[in-house]
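K.L.:
My questions all concern the structure below.
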Amino acid sequence: MTTPDHLIDLRSDTVTRPTPGMLAAMMAARVGDDVFGEDPTVRTLEERTAALFGKEAAVFVPSGTMANQIAVRLHCQPQDEALVEATSHIYLWEAGGPAALSGVTCRPIPAPGGQLRVSHLADAIRPNDYHYVRTRLLCLENTHNRGGGTIYPLGEVAQLAAWAREHGLAVHMDGARIWNAMAATGIPAAHWGQYCDTLAVCFSKGLGAPVGSMILGSREQMVQARRYRKLFGGGMRQAGYLAAACLYALDHHIDRLIEDHAHAQQLAQAIADVRGLKLTPPEVQSNLIWFEAEPPWTSAQQVAELLRQRGVLVAVLGPRLLRAVTHLDASAEDCRYAAEVFRSLRPA
């Protein structure tokens with residue numbers, strides 16, 4: 001096992017750096033002041049992404065968190081409630097944004113693999129009574145991060161959307177890694193977009209852009225979304241340099257996601273072979289591998305430290321919980337080496 005001359009960083013797919021081709025596209029970008037609506041590259045990215053998902057319009061924002069929080073604000077008023085899966089990004093990892101920014105309550109509903117079903121929502125609608133919050137929004141996450149990168153079956157999304165509309169709810173999809181779902185299933189973007197009132201997508205995760213996400217919806221919604229982007233501090237000026245990276249990613253980095261998925265399978269098998277390491281969930285569907293350190297391991301940190309000593313970084317996300325993520329900057333050789341390091345692990 002030849003040790004590489006660099007750290008293999010599997011903590012997240014956000015750690016990637018722009019490729020030479022992406023940097024060249026950024027340097028060549030035509031730019032203007034996007035707050036004035038005058039950046040041609042941003043406008044091209046917004047129009048292209050909206051068309052890709054079958055939506056009327058889109059707004060470029062700095063982060064996926066901002067895209068999701070704008071969506072909550074669009075669909076809800078203070079004293080409203082959003083139905084979310086209990087381990088969803090909107091609920092766990094956005095710093096209480098719905099409550100802090102919009103006065104909106106999240107109702108967390110546990111579901112296996114992070115995937116809600118209509119059966120989970122049978123009693124979810126609050127009564128029409130002023131003692132209660134008003135249920136107004138259903139949020140889905142695809143792929144689901146804490147669910148282990150699980151991919152919603154399109155038929156389930158269709159059923160959830162039908163249920164939501166029957167009960168007068170809007171549907172928002174946190175599609176930060178929707179590109180991975182597209183790559184894994186072959187289902188085009190517009191097929192996912194048709195069931196959502198709004199959709200958030202991220203260019204700085206699997207696609208390898210340095211910054212940038214998008215919220216998509218109707219033309220009227222996106223006019224309001226620009227107001228909320230300003231309110232939340234997301235107005236950008238010559239953002240075309242960033243948008244150019246995202247356009248390059250759309251052209252060059254979607255099809256290659258299947259390589260990340262194959263590397264994740266390789267790592268998952270290696271992890272499963274180590275005594276005391278348990279995949280959670282046991283099936284890896286995309287580029288995210290979540291696993292637990294059970295006895296004889298004393299903690300997740302113990303595992304992570306042994307890996308770090310051999311040049312492999314993973315994320316510690318709980319006392320016994322870890323995550324490894326394959327991505328653009330983790331080559332086939334890197335992942336082969338990381339798999340060998342995992343198989344060599346022994347608790348002290």
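The values are calculated or read from the model by the stated rules, or taken from the named source; none is laboratory data. Since this is a predicted model, take the numbers as computed values, not measurements. With ideal geometry, Cβ positions are generated from the backbone for all residues, glycine too; neighbour counts draw on all protein chains shown. What goes into the accessible areas is simple: the full protein's heavy atoms, side chains included, and nothing from ligands, DNA or RNA. Shrake-Rupley method; radii C 1.70, N 1.55, O 1.52, S 1.80 Å.
K.L.:
Can you list residues from other chains, or at least 5 along the same chain, whose modelled amide H is less than 5 Å from the amide H of residue 107?
P.N.:
Close amide H contacts, sequence-distant or interchain: 82, 83, 84.
K.L.:
In the Gaussian network model of the chain, springs joining C-alpha atoms below 10 Å, which of 157, 35, 104 carries the largest mean-square fluctuation?
P.N.:
Per the Cα network of the chain with a 10 Å cutoff, 35 tops the list.
K.L.:
Using Cα centres only, tell me the gap between region 203-231 and region 264-289 in whole Å.
P.N.:
33 Å
K.L.:
At 37 °C and a viscosity of 0.692 mPa s, what translational diffusion coefficient does Stokes-Einstein give for region 99-245, taking Rh as the Kirkwood radius over Cα pairs? Give it in µm²/s as a whole number.
P.N.:
The calculation lands on 195 µm²/s.
K.L.:
Tell me the Rg and the Dmax, in Å, that the Cα atoms of the chain produce.
P.N.:
Considering the chain through its Cα atoms, Rg and Dmax are 20.5, 66 Å.
K.L.:
Something else now. Per q in 0.15 1/Å, what log10 I(q)/I(0) does a Debye calculation on the alpha-carbon atoms of region 1-73 return?
P.N.:
Each listed q maps to, in turn, -0.76.
K.L.:
Further question on the same structure: Over what distance in Å are the Cα centres of region 312-348 and region 27-86 separated?
P.N.:
33 Å
K.L.:
Here's a follow-up. Hey, what's the chain come to in accessible area per residue, 1.4 Å probe, Å²?
P.N.:
Result: 42 Å² per residue.
K.L.:
Separate question: Mind listing the phi-derived Karplus ³J(HN,Hα) values for region 195-211, rounded to whole Hz, using 6.51, -1.76 and 1.60 with θ = phi - 60°, and x for any glycine or proline?
P.N.:
With coefficients 6.51, -1.76 and 1.60, one gets 9, 10, 6, 9, 9, 10, 10, 10, 9, 9, 9, x, 8, x, 6, x, 8 Hz.
K.L.:
Same structure again: Among 144, 211, 201, flag the residue with its Cα farthest along the positive direction of the charge dipole of region 134-218, charges on Cβ as +1 for Lys/Arg and -1 for Asp/Glu.
P.N.:
Of the listed residues, the answer is 211.
K.L.:
Please state the charge dipole magnitude for the chain, taken about the Cα centre, from unit charges on C-beta atoms (+1 on K and R, -1 on D and E), reported in debye and rounded to the nearest 20.
P.N.:
440 debye
K.L.:
Residue by residue through region 276-291, which ³J(HN,Hα) values in whole Hz follow from phi under the Karplus form 6.51 cos²θ - 1.76 cosθ + 1.60 (θ = phi - 60°), with glycine and proline marked x?
P.N.:
With coefficients 6.51, -1.76 and 1.60, one gets x, 9, 10, 5, 9, x, x, 9, 9, 9, 9, 10, 10, 10, 9, 8 Hz.
K.L.:
Still on this structure, please answer the following. Between residue 141 and residues 5 or more places away or on another chain, which pairs have amide H atoms under 5 Å apart, with H built 1.01 Å from N, and which residues are they?
P.N.:
Those lying under 5 Å, H to H, from residue 141 are 174.
K.L.:
Of the DSSP beta bridges with both residues in region 145-216, give the percent that are antiparallel, rounding to the nearest 5.
P.N.:
DSSP beta bridges in region 145-216 are roughly 50 percent antiparallel.
K.L.:
Using θ = phi - 60° and the Karplus relation 6.51 cos²θ - 1.76 cosθ + 1.60, list the HN-Hα couplings for region 89-96 in order, rounded to whole Hz, with x at every Gly or Pro.
P.N.:
Each residue of region 89-96 in turn: 4, 4, 7, 8, 10, 10, 6, x Hz.
K.L.:
In addition: Counting only helical runs of four or more DSSP H residues, what would the 222 nm mean residue ellipticity of the chain come to if each run contributes -39,500 (n - 2.57) and the total is spread over all its residues?
P.N.:
-11500 deg cm²/dmol
K.L.:
Could you compute the net charge surrounding residue 142? Neighbours are other residues with a C-beta less than 12 Å from the C-beta of residue 142; K and R count +1, D and E count -1.
P.N.:
-3
K.L.:
Here is a further query. With the chain treated as a Gaussian network of Cα nodes joined by springs under 10 Å, which of 179, 163, 93 yields the largest mean-square fluctuation?
P.N.:
93
K.L.:
I've got another one for you. Taking amide H positions as placed in the peptide plane 1.01 Å from N, state which residues far from residue 134 in sequence (5 or more) or on other chains have amide H under 5 Å from it.
P.N.:
Amide H to amide H, under 5 Å and 5 or more residues apart or across chains, residue 134 pairs with 80, 81.
K.L.:
Looking at the chain, what % of its DSSP beta bridges pair antiparallel, to the nearest 5?
P.N.:
50 percent
K.L.:
If you take every residue apart from residue 57 with its C-beta less than 15 Å away from the C-beta of residue 57, what net charge results, scoring Lys and Arg +1 and Asp and Glu -1?
P.N.:
Overall, the nearby charge balance is +1.
K.L.:
Taking 8 Å as the Cα distance limit and 6 or more residues as the minimum spacing, I'd like the relative contact order of region 45-187 as a percentage.
P.N.:
21 percent
K.L.:
Please state the relative contact order of the chain as a whole percent: Cα pairs under 8 Å, 6+ residues apart?
P.N.:
So the answer I get is 25 percent.
K.L.:
Okay, next question. Can you pull the percent of the chain's accessible area that's carbon plus sulfur, 1.4 Å probe, other chains left in place?
P.N.:
52 percent
K.L.:
List the extent of the Cα atoms of region 253-348 along each of their three principal axes, largest first, rounded to whole Å.
P.N.:
Reported extents, whole Å, longest axis first: 40, 25, 21.
K.L.:
Compute the helix-to-body angle for 154-166: its Cα long axis versus the longest principal axis of the chain, expressed 0 to 90° and rounded to tens.
P.N.:
It is inclined by approximately 30 degrees.
K.L.:
Excluding residue 32 itself, calculate the net charge of residues whose Cβ lies under 11 Å from the Cβ of residue 32, where each Lys or Arg counts +1 and each Asp or Glu counts -1.
P.N.:
-1
K.L.:
When the chain is modelled as a GNM with alpha-carbon springs shorter than 10 Å, which of 64, 318, 103 fluctuates the most?
P.N.:
318
K.L.:
Quick one: what Rg and Dmax do you get for region 115-163 from the alpha carbons, in Å?
P.N.:
13.0, 38
K.L.:
What figure in square angstrom, to the nearest 10, would you give for the accessible area of residue 336 with a 1.4 Å probe?
P.N.:
120 Å²
K.L.:
If you take the Cα atoms of region 191-310, find Rg, then find the Kirkwood Rh from the mean of 1/r over all pairs, what is Rg/Rh?
P.N.:
1.11
K.L.:
A follow-up question, please. Convex hull over the alpha-carbon atoms of region 1-154: what's its volume per residue in Å³?
P.N.:
188 Å³
K.L.:
Another question about this same structure. Express in Å², to the nearest 10, the accessible area of residue 195 obtained by rolling a 1.4 Å probe over the protein heavy atoms while all chains stay in place.
P.N.:
50 Å²
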